[in-house]
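Shown next, in structure tokens, is the structure this report addresses.
The values are calculated or read from the model by the stated rules, or taken from the named source; none is laboratory data. Quick caveat: nothing in here was measured; it's all calculated off a predicted structure. Methodologically, a virtual Cβ is constructed for each residue, glycine included, from the backbone with ideal geometry; neighbour enumeration extends over all protein chains shown.
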């Protein structure tokens, strides 16, 4: 049901007239997120600033069975924060206070609207480290990171957002406020509801505070880039690095198309005559960094790389790292619509998967750039297309279907870090199977019986 | 309902006559676990060896609403695998095959009855490392470790069992078999059911396979022991170590009573004139180990320790580590009943908590030895008593009530690694609150509508 006048008046009373948007021109900015080719106007947008407001709003929405979609900065890549028709978009971006940095317990307590970058910077200022670094970290909010269980470039060594969430305050659909988790490193009292909420994509409750785990800051870091004339050599180098028991903090891959686009865009001086580029970073104790860097260089040379370039200083390291950081933007310049996916496979199947993506692009006559997290098998095949070209868009869809099927066949998953949202919803049943889908639906229903939170997403 | 003749005949048909125990003298061994002062005869014991048998057994139990309690080696410390009256005890200890070690993806696939030690040894043989090391690891099974989310001595640096579970096969109460998780380092397709099952204490389903994450083996290790005349100095030393950004793999504490009992038992040559002993281990790259060991030694000396003893070789290191490993057995020699608890607080509150336990023991005139994981705030106050002395047992119960209240007041938890089971069941509602208890009950009900799995445990 759309928020009628009664509901609007209630919302205005709750958060103040100026914090409720209803004009179509105001709503447009909230009608999409970072996902290509998806748009839907909400009924209204409400800016909340306290847990109490959120609790009152949900109580009210639950009573009137009004759909609520929670949203931070809207950087999601699966349509997870896309409005449903006539829903209330509840924006938590203004809840942006860092509430505590606890050095003795190595924790940070934040509101959901704090940006990932701001958390990383605050940790650094305290001499500590918050590792998860999703691509959109400059503007993405921690509430969204937790709801999506965001990954990033450091997943192989440091894990993903889940591994850094020690606790959270959540508001359930009925307005009930509860704390999950605490500052204890170990806690086994009851099911881990915290872990159920991480990655639940705004369908089980609204996250109003997050308690994050911090770790000591690595003392040193070394960045290097290796280029390969054949993609298989790069894949072999990755296997050789892991076999040498080196777990680098970053082990990223760019294919020929991505290298070309990045070089056109950022003028880093990347060689254009190669089929694959690996960006590698090791961090930690200086002695470990030196040894691991030497080992990685040797693995790349043994696998027949064209060149290894080791950054001489921080400036050069940043420049090399920017080759990977700018991959998406660089690809996005080529065509009106950029569809970024995140099919993921076990590390051992990566070379097969990259070859498969190339073959599929050829089969459907599509332009694709593939980059991603080689160390953890998380690929981002990115189709360069135009959403106005219906016929080509259809081919893109067919290509993705085959790619997801292959990922599943290789023991992988349909989404490594972007979430299901709307974009992957139709692929989930095949991946999880009927029995598991039933369990997920039952769990959701037990927490949100009226289905007011993020309806139509994931598996609704 | 007790398993009547019809049910027994069905069970015998399912697993074979010789794999169903019903004689009272056979059932006695399965009437208790590692928890003091708790015993209950089951209706029968069934040894299962395949997922298919488990599925068939559960389908049947679900239809006839017969209680099923899953059990491995029975080393639990919260009564989690204690039979309920007339239940079927389903023992998975004979499902003890290691199915795969995958070096490329750093994983190991095992059946639930494999012992933790066997997993650790197999990882070592493959040049890899499985860090979780619960106290009972020599005989505890991985199925139980996962069901309880077992901790161990390496939690501070390496995390607990949850952090090493990448996937599992489970059988739901209705007999449905499903796979949760996979070999991908990143996977966000759907809620993390795997994480809901880890630590669910056998109440949601039966674990029939576990896919574990392995990591590279640390190259070096150093073990040392520091003694302090005052407990506060030991606590300060721990804080100083963390402040110096050293995260040791082991940072264990023994109080005066425990030191005395261990020395009487193991003759290690521990000084008896101290109030606190810290066992410290650092592992990793030799350069890191050398530096961290020096830093830890300095922190202890700066905090006024009596002595720091650094192990010269592996033999001495094992001897020192055995001081902590044998703490429970050493304390258990003193009195007929040893009640081991695991109240846990944020690291910063540890000194307060230790003092509180001492004061409570005095108040109730009880003998207590406290040891535990100082680095992660996980304490094991161990009351030395006699369950036949009802009056003293009552005082022990009163003491624990106060200890749990204080742990909660300090931001801690009622159980860090042993689980709720039967032992902590009465403390859970106060800790979690009504709303969260309701959510837990609803989740359980949605997975096990007839309540056949481990009834009466956790919050049933």
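In the stretch A:266-289, which residues are in a loop (DSSP other than H, G, I, E, B) and touching a strand residue (DSSP E or B) at 6+ places or on another chain (Cβ under 8 Å)?
In the first step, residues of the stretch A:266-289 are kept if they are in a loop (DSSP other than H, G, I, E, B); the result is A:267-275, A:285.
Correct list: A:270, A:271, A:274, A:275, A:285.
(1) under 24 Å from the mean Cα position of the chain (by Cα); (2) more than 30 Å from residue B:448 (Cα to Cα); (3) modelled with pLDDT of 95 or more: which one isn't true of residue A:364, the others all being true?
That leaves (1) as the condition not met.
Give just the number: which of (1) in contact (Cβ under 8 Å) with a residue 24 or more places away in the chain; (2) surrounded by fewer than 17 Cβ atoms within 10 Å (Cβ to Cβ); (3) over 30 Å from residue B:416 (Cβ atoms) does residue B:39 not satisfy?
(3)
Is there a residue being modelled with pLDDT of 95 or more and on the phi > 0 side of the Ramachandran plot anywhere in the stretch B:244-264?
No, that holds for no residue.
Residues of the stretch B:411-460 being touching a helix residue (DSSP H, G or I) at 6+ places or on another chain (Cβ under 6 Å) and either assigned by TED's automatic domain parsing to the domain that holds residue B:374 or free of Cβ contacts under 8 Å to residues at least 60 places away in the same chain (or both), which ones?
B:427, B:429, B:431, B:437, B:442, B:446, B:459
Give the stretch A:167-178 a look and list any residue that's in contact with a strand residue (DSSP E or B) (Cβ under 9 Å, 6 or more places away or on another chain), closer than 18 Å to residue A:95 by Cβ and touching a residue at least 24 places away in the same chain (Cβ under 8 Å), or say none.
Answer for the stretch A:167-178, where residues must be in contact with a strand residue (DSSP E or B) (Cβ under 9 Å, 6 or more places away or on another chain), closer than 18 Å to residue A:95 by Cβ and touching a residue at least 24 places away in the same chain (Cβ under 8 Å): A:167, A:168, A:169, A:170, A:171, A:172, A:177.
Output the number of residues of the stretch A:222-253 satisfying the condition of being away from chain B (no Cβ under 12 Å) and either over 25 Å from the mean Cα position of the chain (by Cα) or part of a strand (DSSP E or B) (or both).
Taking the stretch A:222-253 as the starting set, the residues that turn out to be away from chain B (no Cβ under 12 Å) are A:222-234, A:237, A:249-250, A:252-253.
This time we only want the ones that are either over 25 Å from the mean Cα position of the chain (by Cα) or part of a strand (DSSP E or B) (or both), so: A:222-233, A:237, A:250, A:252-253.
Looking only at that region, the number is 16.
Counting only residues that are within 10 Å of chain A (Cβ to nearest Cβ) and assigned to a helix (DSSP H, G or I), how many does the stretch B:430-457 have? Step through it out loud before you land on a result.
Initially, the stretch B:430-457 is screened for residues within 10 Å of chain A (Cβ to nearest Cβ), giving B:431-447, B:449.
Narrowing further to those that are assigned to a helix (DSSP H, G or I): B:431-447.
Selection size over the stretch B:430-457: 17.
Does residue B:360 count as over 30 Å from residue B:171 (Cα atoms) and touching a helix residue (DSSP H, G or I) at 6+ places or on another chain (Cβ under 8 Å)? I'd like the intermediate steps shown before the answer.
Working: over 30 Å from residue B:171 (Cα atoms): yes; touching a helix residue (DSSP H, G or I) at 6+ places or on another chain (Cβ under 8 Å): yes.
Answer is yes for this residue.
Report, by residue number, each residue of the stretch A:239-252 that is under 18 Å from residue A:275 (Cα atoms) and in contact with a strand residue (DSSP E or B) (Cβ under 6 Å, 6 or more places away or on another chain). Talk me through it step by step, then tell me what you get.
Let us first name the residues in the stretch A:239-252 that are under 18 Å from residue A:275 (Cα atoms), namely A:239, A:251-252.
The answer is A:251, A:252.
Restricting to the stretch B:405-428, and then to whatever is more than 10 Å from chain A (Cβ to nearest Cβ) and more than 16 Å from residue B:35 (Cβ to Cβ), can you tell me which residue is surrounded by the fewest Cβ atoms within 10 Å (Cβ to Cβ)?
B:409
Looking only at the stretch A:329-352, filter to residues that are within 14 Å of another protein chain (Cβ to nearest Cβ) and out of contact with any strand residue (DSSP E or B) (no Cβ under 6 Å at 6 or more places or on another chain); which one of those is surrounded by the most Cβ atoms within 10 Å (Cβ to Cβ)? So that I can check it myself, show each step before the final result.
The first filter runs over the stretch A:329-352 and keeps only residues within 14 Å of another protein chain (Cβ to nearest Cβ), leaving A:341-352.
Applying the additional criterion that residues be out of contact with any strand residue (DSSP E or B) (no Cβ under 6 Å at 6 or more places or on another chain) yields A:345-352.
Details: A:345: 29, A:346: 23, A:347: 27, A:348: 21, A:349: 23, A:350: 27, A:351: 20, A:352: 14.
Ranking the candidates gives A:345 first.
Given the conditions (1) at pLDDT below 95; (2) over 21 Å from residue B:272 (Cβ atoms), report the number of the one that residue B:302 does not fulfil.
Result: residue B:302 passes all but (1).
Within the stretch B:116-131, does at least one residue satisfy the condition of being within 28 Å of residue B:39 (Cβ to Cβ), touching a strand residue (DSSP E or B) at 6+ places or on another chain (Cβ under 8 Å) and surrounded by fewer than 23 Cβ atoms within 10 Å (Cβ to Cβ)?
If we filter the stretch B:116-131 for residues that are within 28 Å of residue B:39 (Cβ to Cβ), which is where we start, we get B:116-117.
Those left that are additionally touching a strand residue (DSSP E or B) at 6+ places or on another chain (Cβ under 8 Å): B:116.
Subset that is surrounded by fewer than 23 Cβ atoms within 10 Å (Cβ to Cβ): none.
No, the stretch B:116-131 contains no residue that is within 28 Å of residue B:39 (Cβ to Cβ), touching a strand residue (DSSP E or B) at 6+ places or on another chain (Cβ under 8 Å) and surrounded by fewer than 23 Cβ atoms within 10 Å (Cβ to Cβ).
Looking at (1) surrounded by fewer than 24 Cβ atoms within 10 Å (Cβ to Cβ); (2) within 30 Å of residue B:412 (Cβ to Cβ); (3) at pLDDT 95 or above; (4) within 14 Å of chain B (Cβ to nearest Cβ), which one does residue A:59 not meet, given that it meets all the others?
For residue A:59, the exception is condition (2).
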